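Student: The structure under discussion is supplied below as structure tokens; questions concerning it will follow.
The values are calculated or read from the model by the stated rules, or taken from the named source; none is laboratory data. Since the structure is predicted, the reported quantities are computational estimates derived from the model, not experimental observations. Neighbour counts run over all protein chains shown; Cβ positions are idealised from the backbone, glycine included.
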Amino acid sequence: MNAVPPVRPRVNWRAVAALTAGALVLYLGFRALPTGTNLNHMDFRVAGTNALEMCDPTRPQFIPVVASRSPVSLTLRPLAGSLSPTAGQTTRFVLSLATAGGLPIGPVDLLTVHTRKLHLLVIDPTLRDYQHIHPVAGRVPGEWEFEHTPALTGVYRIFADFTPVVTGRGLYAFADFTASGSTVPEQAVAASPSGAERSIGPWLFRLATEDGGAVRAGVASTLIFSGREQDGGEVPLTIVMDAYAHLVAFDKDRSGFAHLHPRAAKPGDTMVAAPDRHAPVLRFDLTIPRPGAYIIWAQVNLQNHEHFLPFSITVLP
């Protein structure tokens, strides 16, 4: 008895073509969707010696940005039609951020750290005019725009503080610009810091080491930032960039900086703990590698107004 050969089903090639075309359209559609950064870890590496290391945010320290080679280039120019930098006048700047290989670095390439993608720390040669600025992305990839009003004349330095998505570690770059002019609006300039206490209206703030001793070069220190109201009332600190205060340290040569955030109430805790409203105390960990004179600027938010307070410290050998 002869076996009956199996009947092969007829292939509906029109349906196959339609399904294939649909799958291709879906594939191309997903490919066209924004998938995040196109940069990789090696785009943020510099070969050889004296390269800028990425910073572990859990181990805050002074970063020698100027003396080190950064894997990121930063260039600066006034926006077309804007005023050239002049003391007391506002200039709109365009900042270009790119990898050493020339790839643009935009918002998609950076993590949001303390509520922002990119932090600019702007300081004048005397360390008396400090401003913390957050630029916004421009229309050209890798370009960022911001406004700045210098209070003094001279060569200002801008440090950029950011964290690439692909590394998860802080990186830095810098650029300079010159502010011209002859007049100085004194009300916009901080006096040279003297003593350990600074005032904002009825509130007094103090910066000191935890043990009351000196800060030593290369030795981890704990700084205590505290506040009080002169008549014993409340100190209405509110959150600024996910913290109740920020500290930024500069040396007199502006060779780098340290950007510090308060220590968490418990190890590993990511929640922002509110300090005592009558006697707020915040602890900051810091390591400064070289001795010398430094200015530490404290940034606080009081009744929805941001204030900057300078404190001077001497780091001993």
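Student: Quick check on the stretch 197-220. Is at least one of its residues exposed (fewer than 15 other Cβ atoms within 10 Å of the Cβ) and within 24 Å of residue 163 (Cβ to Cβ)?
Tutor: Yes, because at least one residue in the stretch 197-220 is exposed (fewer than 15 other Cβ atoms within 10 Å of the Cβ) and within 24 Å of residue 163 (Cβ to Cβ).
Student: May I pose another question? Listed residues 208, 214, 249, 243; which is of a type in the set (A, V, I, L, M, F, W, C) and without any contact (Cβ under 8 Å) to a residue 40 or more places away in the chain?
Tutor: None of the other options fit; the residue is 208.
Student: Condition test on residue 161, is it buried (at least 19 other Cβ atoms within 10 Å of the Cβ), in contact with a Gly (Cβ under 8 Å, 6 or more places away or on another chain) and of a type in the set (D, E, K, R)?
Tutor: The answer is yes for residue 161.
Student: Using the structure shown, decide if residue 235 is over 18 Å from residue 133 (Cβ atoms) and touching a Ser or Thr at 6+ places or on another chain (Cβ under 6 Å).
Tutor: no
Student: I'd like the full set of residues that are in contact with a strand residue (DSSP E or B) (Cβ under 6 Å, 6 or more places away or on another chain), at pLDDT below 85 and of a type in the set (Gly, Ala, Ser), limited to the stretch 28-87.
Tutor: 51
Student: On to the next question. If residue 101 satisfies all but one of (1) more than 16 Å from residue 163 (Cα to Cα); (2) modelled with pLDDT of 95 or more, what's the number of the condition it fails?
Tutor: Failed condition: (2).
Student: State which residue pairs qualify: first residue outside the structural domain of residue 79 (by TED's automatic domain parsing) and inside the stretch 156-184, second residue in a strand (DSSP E or B) and surrounded by fewer than 18 Cβ atoms within 10 Å (Cβ to Cβ) in any location, beta carbons under 9 Å apart, and separation of 6 or more residues or different chains.
Tutor: none
Student: State whether one or more residues within the stretch 95-110 are assigned by TED's automatic domain parsing to the domain that holds residue 178, surrounded by fewer than 16 Cβ atoms within 10 Å (Cβ to Cβ) and on the phi > 0 side of the Ramachandran plot.
Tutor: Among the residues of the stretch 95-110, at least one is assigned by TED's automatic domain parsing to the domain that holds residue 178, surrounded by fewer than 16 Cβ atoms within 10 Å (Cβ to Cβ) and on the phi > 0 side of the Ramachandran plot, which makes the answer yes.
Student: While we're on this one: Can you find even one residue in the stretch 154-161 that is at pLDDT 95 or above and among the charged types (D, E, K, R)?
Tutor: Start the filter on the stretch 154-161 by keeping residues that are at pLDDT 95 or above, which leaves 154-161.
Imposing the further condition that a residue be among the charged types (D, E, K, R) reduces the set to 157, 161.
Yes, that holds for at least one residue.
Student: While we're here: Test residue 81 against the stated conditions and say whether it is in a loop (DSSP other than H, G, I, E, B) and closer than 17 Å to residue 38 by Cα. Give the derivation first.
Tutor: Details: in a loop (DSSP other than H, G, I, E, B): yes; closer than 17 Å to residue 38 by Cα: no.
No.
Student: Let me ask another. Return the pairs, sorted by first residue and then second, in which the second residue is assigned to a strand (DSSP E or B) and of a type in the set (Lys, Arg), the first residue lies in the stretch 298-317 and is surrounded by fewer than 13 Cβ atoms within 10 Å (Cβ to Cβ), the beta carbons are less than 6 Å apart, and the residues are 6+ apart or on different chains.
Tutor: 316/216
Student: Here is a follow-up. Tell me which residues, restricted to the stretch 271-290, are farther than 27 Å from residue 314 by Cβ and among the acidic types (Asp, Glu).
Tutor: Within the stretch 271-290, just 276 meets the criteria.
Student: Mind listing whichever residues of the stretch 128-158 are over 28 Å from residue 296 (Cβ atoms), charged (D, E, K, R) and assigned to a strand (DSSP E or B)?
Tutor: Those that are over 28 Å from residue 296 (Cβ atoms), charged (D, E, K, R) and assigned to a strand (DSSP E or B): 143, 145.
Student: Counting residues that are of a type outside the set (A, V, I, L, M), which strands (runs of 3 or more DSSP E) fully inside the stretch 230-317 reach at least 3?
Tutor: 246-251, 281-286, 292-302, 305-316
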